[in-house]
Amino acid sequence: MKDDFIHKGKRRQLVELMREKGIKDQRVLDAMNKVPRHVFLDSSFLEHAYQNKAFPIGADQTISHPYTVAFQSELLQVKPNDKVLEIGTGSGYQCAVLLEMGAQVYTIERQNELYKKTNLIFRKLNYRPKRYFFGDGYKGMPEDAPFDSIIVTCGAPYIPQTLLGQLKIGGRMVIPVGDDPQIMTLLIRESATQFSKETFGEFRFVPFLDGKQ
Ligand code: SAH
């Protein structure tokens, strides 16, 4: 898939828009400037790939708005080599942004159709998550825990205790909580048993569903 000067130009404009909307972490902005978002979309959406919009990616799911990706990535405070667990691989775009930030990404998707489709995109672009797993995100990845941070990219009806238990002490979990809309929530593991919580306004996600299919 080509990534020409038109795509690159549009990407720079998108990154400028993210800055105007308040995203300050330069590493997030640099990563978004590198990831060819158009490759993660079906070709019919190609010309819209660099607008601040969500799009269908098949199996009734959507790729998150660029602003949502930027906002969640900033809240995670990812450092190079951090172990990051992502719930809801979807198109793979958010995962690619985290990889460009130097994270080791462990990512789970519950829809087999999407899982396979995104696997091909990762290969095409040579993005290599540390683990890419077809399964139920409510279980997390106990065998690879603990993580420096966890990002949930689907709307959670509640905060899953299992995932909190897979955070390092000092680790951060960013999760949209509630029905439509969700409240963006940051939880920090202060000690083995204590978590602090901060909220950041309303966002809209597809639901965090049980099981896999
Ligand atoms: N991070 C994605 C966002 C995709 S939308 C991106 O950048 O495109 C959210 C995704 O969460 C969907 O693909 C949906 O299938 C997935 N999802 C929902 N419930 C899940 C669960 N229990 N485990 C893993 N993935 C889940």
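For this structure, a couple of remarks:
- Residue count for the range 129-148, restricted to those that are within 12 Å of the ligand (Cβ to nearest atom) and open to solvent by 30 Å² or more (accessible area, probe 1.4 Å): 4
- Within the option set Leu75, Leu99, being more than 8 Å from the ligand (Cβ to nearest atom) and closer than 19 Å to Met184 by Cα holds for one residue only, Leu75.
- Residue list for the range 182-209, filter: out of contact with any strand residue (DSSP E or B) (no Cβ under 6 Å at 6 or more places or on another chain) and surrounded by 14 or more Cβ atoms within 10 Å (Cβ to Cβ): Arg204, Leu209
- Looking only at residues in the range 102-128 that are of a type in the set (A, V, I, L, M) and surrounded by fewer than 21 Cβ atoms within 10 Å (Cβ to Cβ), the one that is nearest to the ligand (Cβ to nearest atom) is Ile121.
- Matching residues in the range 176-213 - criterion: being without any contact (Cβ under 8 Å) to a residue 40 or more places away in the chain and either in contact with a Ser or Thr (Cβ under 8 Å, 6 or more places away or on another chain) or basic (Lys, Arg) (or both): Pro176, Val177, Ile183, Thr185, Leu187, Ile188, Arg189, Glu190, Lys197, Glu198, Thr199
- Residues in the range 1-56 that are outside any loop (DSSP other than H, G, I, E, B), touching a helix residue (DSSP H, G or I) at 6+ places or on another chain (Cβ under 7 Å) and touching a residue at least 60 places away in the same chain (Cβ under 8 Å): Val28, Ala31, Met32, Lys34, Val39, Phe40.
- Residue match in the range 54-77 (condition: surrounded by fewer than 19 Cβ atoms within 10 Å (Cβ to Cβ), in contact with a Leu (Cβ under 9 Å, 6 or more places away or on another chain) and more than 24 Å from His7 (Cβ to Cβ)): yes
- Of all the listed residues (Ile175, Ile183), the sole one being within 15 Å of the chain's Cα centre (by Cα) and among the β-branched types (Val, Ile, Thr) is Ile175.
- Odd one out for Tyr67 among (1) in a helix (DSSP H, G or I); (2) away from the ligand (no atom under 13 Å from the Cβ): (2)
- Selection status of Phe40, touching a Phe, Trp or Tyr at 6+ places or on another chain (Cβ under 6 Å), modelled with pLDDT under 95 and within 12 Å of the ligand (Cβ to nearest atom): yes
- Scan the range 172-213 for residues that are of a type in the set (Asp, Glu), within 16 Å of the ligand (Cβ to nearest atom) and over 15 Å from Gly140 (Cβ atoms) and the total you get is 2.
- Pairs with Cβ under 6 Å, 6+ apart, first in the range 135-160 and under 19 Å from Thr68 (Cα atoms), second of a type in the set (Lys, Arg): Ser149/Arg172
- Under the condition of being touching a Ser or Thr at 6+ places or on another chain (Cβ under 8 Å) and among the acidic types (Asp, Glu), the residues counted in the range 3-41 number 1.
The values are calculated or read from the model by the stated rules, or taken from the named source; none is laboratory data. It should be emphasised that the depicted structure is a prediction, and the values quoted were computed from it without experimental measurement. Here the Cβ is made from the backbone with ideal geometry for all residues, glycine too, and neighbour counts use every protein chain on show. Note: accessible area is taken over every heavy atom of the protein model, side chains too, but ligands, DNA and RNA are not part of it. Shrake-Rupley method; radii C 1.70, N 1.55, O 1.52, S 1.80 Å.
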